[in-house]
1. Would you work out the charge dipole size for the stretch A:324-446 about its Cα centre, treating the Cβ of every Lys and Arg as +1 and the Cβ of every Asp and Glu as -1, and quote it to the nearest 20 debye?
2. Please compare each pair in A:LYS481/A:LYS504; A:LYS67/A:LYS310; A:LYS239/A:LYS310; A:LYS147/A:LYS272; A:LYS199/A:LYS380 to a cut-off of 28 Å on the Cα-Cα distance and tell me which ones are over it.
3. Want the number for A:GLN349 to A:SER599: 0.36 nm per residue separation, take away the alpha-carbon distance, what's left?
4. If packing is taken as the average count of other Cβ atoms within 10 Å, what order do A:61-68, A:508-515 fall into, highest mean first?
5. Using the structure shown, select from A:LYS61/A:LYS187; A:LYS238/A:LYS574; A:LYS158/A:LYS187; A:LYS117/A:LYS158 the pairs with a Cα to Cα distance greater than 31 angstrom.
6. Taking Cα pairs under 8 Å and at least six residues apart, what relative contact order does the stretch A:102-247 come out at, in percent?
7. Could you tell me which of A:GLY466, A:SER510, A:LEU486 has its Cα farthest along the dipole of the stretch A:449-522 towards the positive end, charges placed at Cβ (Lys, Arg +1; Asp, Glu -1), taken about the Cα centre?
8. About its Cα centre, what dipole magnitude does the stretch A:275-319 give when the only charges are +1 on Lys and Arg Cβ and -1 on Asp and Glu Cβ, stated in debye to the nearest 20?
Amino acid sequence: MNYLNELNGAQRDAVENTEGPVMVIAGAGSGKTRVLTYRIAHLINKGVDPFNILSLTFTNKAAQEMKERISKIIGGSEARNIWMGTFHSVFSRILRSEAEKIGYPQNFTIYDTQDAKNLIKTILKEQGLDEKIYKPGLVYSRISSAKNNLLTAAAYCKNTTIQSEDRQAAKPKIGEVYKVYESRCFKSGAMDFDDLLFKTNVLLRDHPGVLNKYQHRFKYILVDEYQDTNFSQYIIVKKLAAAFENVCVVGDDAQSIYAFRGANIQNILNFKTDYPESKTFKLEENYRSTQNIVNAANSIIKHNTEQIEKNVFTSNVEGNKIKVHRAATDNEEGKMVANLIYDTQFSAQARPKDFAILYRTNAQSRAMEEALRRKNIPYKIHGGQSFYQRKEIKDLLSYFRMIINPNDEEALKRIINYPARGIGKTSMDKIGIAANNNDTSIWNVITHLNQFNTGINAGAQTKIGGFLEMMKSFASQIKSKNAFELGNEIASTSGILRDLYSDKTPEGISRYENIQELLNGLKEFTETENEEDGDVTPRGLTEFLQDVALLTNVDNESEEDRDKVTLMTIHSAKGLEFPYVFCVGLEENLFPSQMSLTSRADLEEERRLFYVAVTRAEKEIHISYATSRYKWGSLIFCEPSRFIEEISEDFVEYTFDQNTVAQKNHNSNFDETHSAQNNYGSGKTTYKKKSTMPPKRNAPETVPQTTPKHLKKVSNTAPAPPESAASLNLEKGMMVNHQKFGNGIIENLDNGKATINFQNIGTKQLLLKFAKLTIIK
DNA sequence: GTATTATCTAAGTCT
DNA sequence: TAGATAATAC
């Protein structure tokens, strides 16, 4: 088998030790995917039935790619039988086939975060709890973390620690909300994301026969990104592996970035204790990145305390240093990045697909998008508000959902009066009360209106009857029509298409187009054969919906997206690599996020996130920050991130004058934190130190008249009205003054750069964009 | 019950 | 800025 020759010693050990528990600590870029792929191929070559292999990956796309690579190695089509996918998709599949054992319908709905929060809002209203105190997002995250720790609502209410936490936070009723939430989901035949793991645990705990079945089915279990598993996932793996203990976990504690959703880094740190017989292999050679990148990344992660000891190194070329860029605003940052990409495409013969722009928060994508669009650089965005979360898409999908599972309360509430058909709030309130009083679903109430004492008037009853007729007619076509045909029928008969078509605003047109796009997607889906089991029956809406809910951020990629610059959050970038990476927004309170600043553990997670960002790069990494950016429509000033300073200086290169780097001396140079491209008048709060400022020029007031609170907060470090040298009418031979370098004569001007001979320090080249100059004469 | 307008408040990361 | 909700008019 020649594939073994393509592996280094540690990789080969990790591939060949197929029996018993194995932990692979895989440094960034150390060929982890290769090991997983070859290990599975090796298993199959040794005669293991692919059907007996369970491989849990972090995205479905990764699973698909891995299957393709395995197929290439082993030949044939056996690889399709491997159980491979994300935890959520693999176990939702198992849950569907075992659903009735835990009292769920086979066609249970999967509630996304939005559905879950809407339900929580409804419950809060019913319970008379103030949404301002019981913020739905917070309640949801309390419930979520309870589920990830396998706590039912009843257990939550009994747990004294949790109860005292909630009492201290003045939210003692969260447990009650959880109880109602739990039962409402159940009545709706719905599971949220956490339920997919939670209910799997319930299934395996309460049904020994089922546990036994899957224990023996999954003779070999592989778990990728093990550092990001939570308790619920951990127990699933542990239980399933208990029969054979052929469990191989792969991960890197330095890349653990999902503690916020319950991931427990201890899972990887404790593996040896869990399986005393286990073998550990460390992959330490990085094949991805240059020496400078690897060394810089190591110097970053060194600032964290608890980690598994390892020495990531590379024998790749030294490469360029990490470049640090500074911009005046978020929009300038975008322009700068777009320009750099544009130039590199020519200078390095690179393609758009060779570049990635990574950021901490989705909101940062907009400035980048705009700049790329202006330069005509093709790009694609992953994440943010995904296609399937847009209102019009969710509306149409809600029709689909209700046809498959009429008890789906959240879907029903979205569509019973959309498009408007005269079933308003009053009627729905009455129905809701009747459903609660009779401990049943809303669907059951409206299908048997005369059996419940709802008090709804005759007019509304008729309208509800019409809605029911329509839904029943859709449902009756589920067998006879394929997904595309039925989807089309629903979009037009329901009135959604008409409603959107009549809206001629740009947003309305775009919504209409989105619906068309969804229908196109349905068509494509219908025409693709079901590869999983070779089934040639046309795929219906049922199958479509099951796919849709669990698509991950990076799963959606169309053909035409292939040669484009990638924009994504660092979280989404995990596991990916790009020749050129731009990590933007390296600012305090953004990255690291403000919310991480209160705890050491959170800050360390942010640092690991930065480590992940840096290690995505093969050839070059650029990091940048803006000295001001818009947040909620108003301008705030930013300090460079502490992470920049944490990179060992041997591997860093500043693209602007380092003496003006703000973080080096905050006090003496407070204006230097802000470069001067844009003349943002910074409001009344900033003129206290006027004497040290260059004379104010007529800076347009672009800051809102009412000083935002954010601005106030930072105003003591805020600059004078920044003066852009670029906006001055400079000429050769002029005498100018620079804050730092004193007076000098302009010797040359070209392309935004000025060569200035300073009296004290000699000739310097300055970028007009950044330099703060005043004309002396 | 519905449509329009005014006001509020939220952007932290993902399945 | 933008979506969600409350207030208002019809």
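Read-outs throughout are calculated quantities, based only on the coordinates presented, and are distinct from any laboratory measurement. Everything numeric in this text was worked out from a predicted model, so none of it was measured. Positions of Cβ are backbone-derived with ideal geometry, glycine not excepted, and every protein chain shown enters the neighbour counts.
1. 300 debye
2. A:LYS481/A:LYS504; A:LYS67/A:LYS310; A:LYS239/A:LYS310; A:LYS199/A:LYS380
3. Going from the current span to full extension adds 85.6 nm.
4. Packing order, densest peptide first, comes out as A:61-68, A:508-515.
5. The answer is A:LYS61/A:LYS187.
6. Relative CO of the stretch A:102-247 lands at 28 percent.
7. A:GLY466
8. Around 60 debye, computed over the stretch A:275-319.
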